Every structure is written in C-alpha cells, then in structure tokens.
C-alpha cells in the first residue's frame, strides 16, 4: 500500500474510536472539524436529529485566506458567532481523527474565545 492510503486508514481508525465516545445531542451538539490542504471546515451537528446547526469554513469566509492558523482562528470565531445566534453554548469537540495541534488548536481556541464551551 502507498503511504497516503495507510495514513488515511490510521486516521479513520482514530476517528472511529473518537466517534464511539462523542455523540451530538440537541443540548450538547458535536463540533466537528475537517482540514484539507487548502481549507479548514467546522460544523456543529445534532446527531440525534441529523441536522447541521451551524457551519463555517475558509471556503466561505472572505477574510480567511488559505489554510493556516490565522484562517483557522477566523473560522473558529465565525462559527462561535453563528452558534450563539442559534442559541448554542455547549458543544462536544470532535477532532475527526486529526491531532490536536496547529490549525485545529487555533480553531478550537478561537471558538472558545467566541463563547463556546467544550
């Protein structure tokens, strides 16, 4: 197998282990993050009803250019604002199999500064 495929398989295993423990409810929805080479995406999801309650990404935000820590911070703040508008304050953080550092940490810190609790 190629290295890229093995990397994806390892991430999928981590993701499965995380998702066994984290479930988004209407009272405490799940904040999930996906990062690609060009963008970073974040959603707040109610898993019981299968609904996305709030979302933000560098693809949407005009002030967020690229997929760096600064852009991740902008996305985190935008997501926190949209969550507050939807009446959400508590979330369960789902790192989606990614390591909690760099862009993910920047997004999480900005979301916390914006008022989300996790």
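So residue 76 ticks every box in (1) under 25 Å from residue 13 (Cα atoms); (2) outside any loop (DSSP other than H, G, I, E, B) but one. Which box is left unticked? Condition (1) is where residue 76 drops out. Could you please let me know if residue 31 is surrounded by 13 or more Cβ atoms within 10 Å (Cβ to Cβ) and farther than 21 Å from residue 102 by Cβ? Judged against the criteria, residue 31 is not a match.
Within the stretch 12-41, restricting attention to residues that are assigned to a loop (DSSP other than H, G, I, E, B) and in contact with a helix residue (DSSP H, G or I) (Cβ under 9 Å, 6 or more places away or on another chain), the residue that is farthest from residue 53 (Cα to Cα) is 39.
Identify all residues within the stretch 42-73 that are assigned to a loop (DSSP other than H, G, I, E, B) and in contact (Cβ under 8 Å) with a residue 24 or more places away in the chain; write none if there are none. It would help to see each step written out before you state the result.
Step one: filter the stretch 42-73 for residues assigned to a loop (DSSP other than H, G, I, E, B), giving 47-50, 58-68.
Of everything in the stretch 42-73, those that are assigned to a loop (DSSP other than H, G, I, E, B) and in contact (Cβ under 8 Å) with a residue 24 or more places away in the chain turn out to be 47, 48, 66, 67, 68.
What about residue 90, is it touching a strand residue (DSSP E or B) at 6+ places or on another chain (Cβ under 7 Å), over 28 Å from residue 7 (Cα atoms) and without any contact (Cβ under 8 Å) to a residue 40 or more places away in the chain? Please lay out each step first, then the result.
Values: touching a strand residue (DSSP E or B) at 6+ places or on another chain (Cβ under 7 Å): yes; over 28 Å from residue 7 (Cα atoms): yes; without any contact (Cβ under 8 Å) to a residue 40 or more places away in the chain: no.
For residue 90, the condition - touching a strand residue (DSSP E or B) at 6+ places or on another chain (Cβ under 7 Å), over 28 Å from residue 7 (Cα atoms) and without any contact (Cβ under 8 Å) to a residue 40 or more places away in the chain - is not met.
Residue-level analysis places residue 97 outside the set of residues that are part of a helix (DSSP H, G or I) and surrounded by 14 or more Cβ atoms within 10 Å (Cβ to Cβ). A single member of 64, 83, 78, 59 is surrounded by 22 or more Cβ atoms within 10 Å (Cβ to Cβ) and at pLDDT below 95, and it is 64.
The values are calculated or read from the model by the stated rules, or taken from the named source; none is laboratory data. Computed from a prediction, not measured in an experiment: that's the story for all the values here. Cβ sites come from the backbone with ideal geometry, for glycine too, and all protein chains shown count toward neighbours.
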